[in-house]
Amino acid sequence: MTYKHVGLGTTSDSSAGATYALADDATVNGTMTIGNTSSTNVDTLSLGAGNTLTFKIVSAPLSLTSKGALSGGTSLVSFENTTSPVTIPAADYYDIQFSPASSNPTYVLGSGTLSAENGFVLGGGSSATVDAETNDAVIDVDGNFTIGSGDVFQASSTGDFTVGGNFSNSGTFTQNSGTVSFDGSGTSEISGA
(Lines give C-alpha, C1' and ligand atoms only; values in the text may rest on other atoms or scores of the structure.)
Protein backbone atom coordinates (compact mmCIF):
# COMPACT_ATOMS: atom_id res chain seq x y z
CA MET A 1 0.00 0.00 0.00
CA THR A 2 1.11 3.55 -0.71
CA TYR A 3 -0.01 6.53 1.38
CA LYS A 4 0.45 10.28 1.17
CA HIS A 5 0.10 11.22 4.87
CA VAL A 6 -0.72 8.94 7.80
CA GLY A 7 -1.82 9.88 11.31
CA LEU A 8 -2.02 7.23 14.03
CA GLY A 9 -3.43 8.13 17.44
CA THR A 10 -3.42 11.78 16.52
CA THR A 11 -6.65 12.76 18.28
CA SER A 12 -6.58 14.10 21.82
CA ASP A 13 -8.38 11.83 24.28
CA SER A 14 -8.01 10.16 27.64
CA SER A 15 -8.63 6.60 26.47
CA ALA A 16 -6.00 3.89 26.74
CA GLY A 17 -3.12 4.07 24.29
CA ALA A 18 -3.60 2.07 21.11
CA THR A 19 -1.26 -0.22 19.20
CA TYR A 20 -1.49 -0.10 15.42
CA ALA A 21 -0.05 -3.08 13.53
CA LEU A 22 1.56 -2.96 10.11
CA ALA A 23 0.24 -6.09 8.38
CA ASP A 24 2.10 -5.72 5.07
CA ASP A 25 4.69 -3.60 3.28
CA ALA A 26 3.81 0.10 3.09
CA THR A 27 5.20 3.24 1.46
CA VAL A 28 4.58 6.75 2.81
CA ASN A 29 5.14 9.60 0.35
CA GLY A 30 4.35 12.26 2.95
CA THR A 31 4.58 12.32 6.74
CA MET A 32 3.55 9.61 9.21
CA THR A 33 2.67 11.02 12.64
CA ILE A 34 2.27 8.73 15.65
CA GLY A 35 0.64 10.01 18.84
CA ASN A 36 -0.86 13.27 20.07
CA THR A 37 0.93 15.30 22.75
CA SER A 38 -2.43 16.21 24.33
CA SER A 39 -3.36 12.57 24.95
CA THR A 40 -2.74 10.92 28.29
CA ASN A 41 -1.47 7.61 26.89
CA VAL A 42 1.12 6.49 24.34
CA ASP A 43 0.07 5.16 20.92
CA THR A 44 2.42 2.68 19.21
CA LEU A 45 3.00 1.52 15.64
CA SER A 46 4.08 -2.14 15.68
CA LEU A 47 5.86 -3.11 12.47
CA GLY A 48 5.44 -6.87 12.97
CA ALA A 49 7.48 -9.55 11.23
CA GLY A 50 9.19 -9.25 7.87
CA ASN A 51 7.49 -6.08 6.67
CA THR A 52 9.11 -3.06 5.01
CA LEU A 53 8.00 0.49 5.83
CA THR A 54 9.44 2.87 3.22
CA PHE A 55 9.52 6.66 3.45
CA LYS A 56 9.98 8.84 0.36
CA ILE A 57 9.88 12.48 -0.74
CA VAL A 58 9.47 14.75 2.36
CA SER A 59 12.08 16.09 4.80
CA ALA A 60 10.24 15.02 7.99
CA PRO A 61 8.89 11.58 7.05
CA LEU A 62 8.33 10.09 10.50
CA SER A 63 7.08 12.14 13.43
CA LEU A 64 6.97 10.52 16.86
CA THR A 65 5.33 12.86 19.34
CA SER A 66 6.00 12.58 23.07
CA LYS A 67 2.96 10.26 23.11
CA GLY A 68 4.00 8.17 20.09
CA ALA A 69 6.27 5.13 19.83
CA LEU A 70 7.61 2.72 17.25
CA SER A 71 8.06 -1.01 17.82
CA GLY A 72 10.36 -2.40 15.13
CA GLY A 73 9.35 -6.06 15.43
CA THR A 74 11.53 -7.87 12.87
CA SER A 75 10.87 -5.43 10.05
CA LEU A 76 12.85 -2.96 7.93
CA VAL A 77 12.37 0.80 7.95
CA SER A 78 13.84 2.24 4.77
CA PHE A 79 14.40 5.96 4.28
CA GLU A 80 14.61 6.72 0.56
CA ASN A 81 13.92 10.45 0.81
CA THR A 82 15.62 12.68 -1.74
CA THR A 83 14.97 16.08 -0.13
CA SER A 84 17.58 17.38 2.28
CA PRO A 85 18.02 17.58 5.18
CA VAL A 86 15.82 14.66 6.27
CA THR A 87 15.09 14.42 10.00
CA ILE A 88 15.08 10.87 11.43
CA PRO A 89 13.58 10.38 14.91
CA ALA A 90 15.29 8.41 17.65
CA ALA A 91 13.33 5.16 18.02
CA ASP A 92 13.62 1.40 18.36
CA TYR A 93 14.13 -0.06 14.87
CA TYR A 94 14.91 -3.64 13.94
CA ASP A 95 16.58 -2.93 10.60
CA ILE A 96 17.10 0.66 9.47
CA GLN A 97 18.32 1.56 6.01
CA PHE A 98 19.17 4.82 4.26
CA SER A 99 19.01 4.25 0.51
CA PRO A 100 18.03 7.28 -1.57
CA ALA A 101 17.46 6.80 -5.29
CA SER A 102 18.99 10.19 -6.14
CA SER A 103 19.96 13.69 -4.93
CA ASN A 104 22.61 12.78 -2.29
CA PRO A 105 20.52 13.80 0.74
CA THR A 106 21.64 14.32 4.34
CA TYR A 107 19.77 12.41 7.04
CA VAL A 108 20.00 14.16 10.43
CA LEU A 109 19.42 11.83 13.39
CA GLY A 110 17.28 13.29 16.17
CA SER A 111 18.39 13.58 19.77
CA GLY A 112 17.90 10.55 21.99
CA THR A 113 18.71 6.90 21.32
CA LEU A 114 18.34 5.32 17.90
CA SER A 115 18.56 1.58 18.31
CA ALA A 116 18.74 -1.02 15.57
CA GLU A 117 18.32 -4.54 16.87
CA ASN A 118 19.52 -6.27 13.72
CA GLY A 119 21.26 -3.82 11.38
CA PHE A 120 22.05 -0.25 10.32
CA VAL A 121 22.76 0.18 6.60
CA LEU A 122 23.76 3.37 4.82
CA GLY A 123 23.83 2.57 1.12
CA GLY A 124 21.66 2.60 -1.94
CA GLY A 125 21.35 3.89 -5.45
CA SER A 126 22.75 7.33 -4.61
CA SER A 127 25.29 8.59 -2.11
CA ALA A 128 23.95 9.90 1.18
CA THR A 129 25.16 11.34 4.48
CA VAL A 130 23.88 10.32 7.92
CA ASP A 131 24.60 13.00 10.54
CA ALA A 132 24.61 11.92 14.20
CA GLU A 133 26.74 14.92 15.23
CA THR A 134 24.21 17.78 14.96
CA ASN A 135 21.88 16.44 17.70
CA ASP A 136 24.46 14.18 19.41
CA ALA A 137 22.35 11.09 18.75
CA VAL A 138 23.09 7.95 20.74
CA ILE A 139 23.47 4.97 18.38
CA ASP A 140 22.96 1.39 19.61
CA VAL A 141 23.28 -1.22 16.87
CA ASP A 142 22.99 -4.78 18.20
CA GLY A 143 23.82 -6.27 14.78
CA ASN A 144 25.92 -5.05 11.86
CA PHE A 145 26.74 -1.45 10.94
CA THR A 146 27.41 -0.80 7.23
CA ILE A 147 28.50 2.29 5.27
CA GLY A 148 28.26 1.83 1.50
CA SER A 149 30.56 3.14 -1.21
CA GLY A 150 30.25 6.91 -1.65
CA ASP A 151 28.22 7.30 1.57
CA VAL A 152 29.23 9.33 4.64
CA PHE A 153 28.50 8.73 8.34
CA GLN A 154 29.24 11.57 10.78
CA ALA A 155 29.39 10.21 14.34
CA SER A 156 28.48 12.23 17.41
CA SER A 157 31.28 13.78 19.44
CA THR A 158 29.48 13.09 22.72
CA GLY A 159 26.72 10.52 22.13
CA ASP A 160 27.45 6.85 22.82
CA PHE A 161 27.91 4.66 19.74
CA THR A 162 27.82 0.88 20.24
CA VAL A 163 27.91 -1.94 17.71
CA GLY A 164 27.22 -5.57 18.60
CA GLY A 165 28.12 -7.11 15.24
CA ASN A 166 30.41 -6.22 12.37
CA PHE A 167 31.51 -2.73 11.30
CA SER A 168 31.91 -2.41 7.52
CA ASN A 169 32.97 0.87 5.91
CA SER A 170 33.25 1.22 2.14
CA GLY A 171 32.55 4.97 2.27
CA THR A 172 33.57 7.69 4.72
CA PHE A 173 33.34 7.44 8.50
CA THR A 174 33.89 10.71 10.38
CA GLN A 175 34.40 9.92 14.07
CA ASN A 176 34.62 13.55 15.23
CA SER A 177 35.84 13.13 18.82
CA GLY A 178 33.50 10.22 19.59
CA THR A 179 34.17 6.57 20.34
CA VAL A 180 32.73 3.40 18.84
CA SER A 181 32.35 0.62 21.41
CA PHE A 182 31.83 -3.02 20.45
CA ASP A 183 29.51 -4.73 22.92
CA GLY A 184 28.58 -8.02 21.21
CA SER A 185 29.17 -11.38 22.84
CA GLY A 186 31.05 -12.76 19.83
CA THR A 187 33.86 -11.57 17.57
CA SER A 188 33.19 -8.41 15.56
CA GLU A 189 34.86 -7.92 12.19
CA ILE A 190 35.99 -4.37 11.42
CA SER A 191 36.69 -3.43 7.80
CA GLY A 192 37.43 -0.13 6.14
CA ALA A 193 37.43 1.79 9.42
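How far, in nm, would the chain grow between GLU189 and SER157 when pulled straight, counting 0.36 nm per residue and subtracting the alpha carbon separation?
On the way: separation 32, 0.36 × 32 = 11.52 nm, distance 2.32 nm.
Full extension from GLU189 to SER157 adds 9.2 nm.
Suppose accessible area is computed on protein heavy atoms with a 1.4 Å probe; arrange THR158, THR74 from highest to lowest.
THR158, THR74
Can you tell me the accessible area per residue over the chain, all protein chains present, probe 1.4 angstrom, in square angstrom? Can you show the working numbers first?
Details: 8380 Å² over 193 residues.
Roughly 43 Å² per residue, with all protein chains present.
Find out how many positive minus negative residues lie around LEU122, taking Lys and Arg as positive, Asp and Glu as negative, among other residues whose Cβ is under 12 Å from that of LEU122.
Details: positive: none; negative: ASP131, ASP151.
Result for the neighbourhood of LEU122: -2.
Let me make sure I get this right: for the range 124-166, a, b and c are the square roots of the gyration tensor eigenvalues over alpha carbons, sorted descending. Under 1.5 in a/c it's rounded, otherwise prolate if a/b > b/c, else oblate. Which is it?
Numbers: a/c = 3.01, a/b = 1.22, b/c = 2.47.
Cα axes put the range 124-166 in the oblate bin.
Using +1 at the Cβ of each Lys and Arg and -1 at the Cβ of each Asp and Glu in the chain, identify which of LEU53, PHE145, THR27 lies farthest towards the dipole's positive end.
Result: THR27.
Per 5 Å bin from zero, what fraction in whole % of the C-alpha pairs of the range 115-193 is there, up to the bin with the longest pair?
Going out from 0 Å in 5 Å bins, the range 115-193 shows 4, 17, 27, 30, 18, 5, 1 percent.
Kindly report, to the nearest 10 Å², the accessible surface of ASP131 as traced by a 1.4 Å probe over protein heavy atoms only.
Number for this one is 10 Å².
By how many nm would the segment from GLN175 to ASN29 grow when fully extended, if each residue of separation counts as 0.36 nm and the alpha-carbon distance is taken off?
Details: separation 146, 0.36 × 146 = 52.56 nm, distance 3.23 nm.
Net length gain for the segment: 49.3 nm.
Multiplying the sequence separation of THR134 and PHE182 by 0.36 nm and subtracting their Cα-Cα distance, what value in nm do you get?
Numbers: separation 48, 0.36 × 48 = 17.28 nm, distance 2.28 nm.
Result for the pair: 15.0 nm of gain on full extension.
Once you sort the root eigenvalues of the Cα gyration tensor of the chain as a ≥ b ≥ c, which label holds: rounded (a/c under 1.5), prolate (a/b larger than b/c) or oblate (the other case)? Can you show the working numbers first?
Numbers: a/c = 1.78, a/b = 1.53, b/c = 1.16.
Verdict is prolate for the chain.
State whether the range 21-85 is rounded, prolate or oblate according to the following rule on the C-alpha gyration tensor (a ≥ b ≥ c being the square roots of its eigenvalues): a/c under 1.5 gives rounded; otherwise a/b larger than b/c gives prolate, and the remaining case gives oblate. Kindly include the intermediate steps, with their values, before the conclusion.
Working: a/c = 2.57, a/b = 1.16, b/c = 2.22.
Note, shape of the range 21-85 comes out oblate.
Give the relative contact order (percent, whole number) for the chain; include only Cα pairs under 8 Å separated by 6+ residues. Don't skip to the answer; put the middle values down first.
Details: 642 pairs, mean separation 23.5, N = 193.
Relative contact order here is 12 percent.
Relative contact order for the range 38-96: what percent, with Cα pairs under 8 Å and sequence separation of 6 or more? It would help to have the intermediate numbers written out before the result.
Working: 116 pairs, mean separation 23.2, N = 59.
Relative contact order comes out at 39 percent.
Identify the residues of the range 95-120 with backbone N under 18 Å of a label point that sits 7 angstrom from the Cα of ALA49 along the Cα-to-Cβ direction, or state none.
95, 117-118
Looking at the chain, what % of its DSSP beta bridges pair antiparallel, to the nearest 5? Intermediate results must be reported in sequence, preceding the final value.
Values: 0 of 65 bridges.
Rounded to the nearest five, the antiparallel share is 0 percent.
The values are calculated or read from the model by the stated rules, or taken from the named source; none is laboratory data. Here the structure is a predicted model, which is why all the values come from computation and not from measurement. Here the Cβ is made from the backbone with ideal geometry for all residues, glycine too, and neighbour counts use every protein chain on show. For the accessible areas, the whole protein counts, side chains as well, though only heavy atoms, and no ligand, DNA or RNA atoms are used. Shrake-Rupley method; radii C 1.70, N 1.55, O 1.52, S 1.80 Å.
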